[in-house]
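This report concerns only the one structure given below.
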Amino acid sequence: NRIIRINDLEDCIELEPDAKHVNQMIEDLGLQDAKSVDTPRVKLSVKEAQDIEDSPTLDRNGATMYRSATMRAAYLSQDRVDITETVKALSRAMASPKEGNLAQVKRLARYLKGRPRTVLRYFAQSPKKARIIGYTDSAWAGESITRRSTSGMAIKRGSHLIRHSSTLQTTIGLSSAEAEYYALTKGSAYALGIQSLFRDWG
């Protein structure tokens, strides 16, 4: 249910995710009167991460509420780059969510409350300048307990964003350079794959 607009005045296409999921998250989590926050997630210390792991497991209703909110956020994150990393972190607790995880998804909902809409704008561009460009970065040992790193990636064709992701690396990098190399490899593979797809399309 994305909203797609053709903006003739500015010669662009606008892509907007369905904002009803934000409103539904806020309602389901009972945050109608809550204040918004400036960031969807905060970096946790080892103690804070361990406190979440040690918090009680949610009951059936609480777990259902957590999973529903996380999946709505995952749906939104296809078009919202600002919450991709947070959704990645929340998705790890889907099997057995804890009370601490519920607090994290509530923070995301409060962030979305302050920023319920985003619009991706794709302006007309010259095909000759529309090169495929891949951007990668990594957060070395960003997960406080497991010490696993995160790979961030964005693939663009000229000024147009066509793919983005935030994923945990499967191998524990022993240095920031190693983590960056894993992120670079993944981003390069996706960029080459998209290049091959465009070549097939002529």
Candidate lysines - alpha carbon under 21 Å from residue 106, same-chain residues fewer than 8 apart omitted: 20, 35, 43, 47, 88, 98
Sequence-separation-based contact order of the chain, relative, with Cα cut under 8 Å and 6+ spacing, percent: 21 percent
Packing-based order for 132-144, 162-174, 103-115, 45-57, using average beta carbon neighbours within 10 Å, highest first: 103-115, 132-144, 162-174, 45-57
Between helix 99-114 and the chain: long-axis angle, C-alpha atoms, 0 to 90°, nearest 10: 50 degrees
Degrees separating the helix 60-77 axis from the principal Cα axis of the chain, which is the longest one: 20 degrees
Two-site FRET efficiency, residue 103 against residue 201, from Cβ-Cβ distance with R₀ of 35 Å, rounded to 0.05: 0.15
Förster radius 30 Å - calculated FRET efficiency between residue 49 and residue 188 (Cβ-Cβ, nearest 0.05): 0.45
Along each principal axis, Cα extent of segment 106-149, largest first, Å: 47, 30, 8
Cα shape, segment 44-202, gyration tensor, a/c 1.5 rule: oblate
Prolate/oblate/rounded call for segment 7-89, Cα gyration tensor, a/c under 1.5 rounded: prolate
Extension reserve of the residue 161-residue 9 stretch, reckoned as 0.36 nm per residue once the Cα distance is removed: 52.6 nm
Point-charge dipole on Cβ atoms (K/R +1, D/E -1) for the chain, about Cα centre, debye to 20: 340 debye
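Any read-out appearing in this document is the output of simple, stated calculations on the displayed coordinates, not a laboratory observation. As the structure is a prediction and not an experimental result, all values here were calculated from the model. All Cβ positions, even for glycine, are placed from backbone atoms using ideal geometry, and neighbour counts span all protein chains on display.
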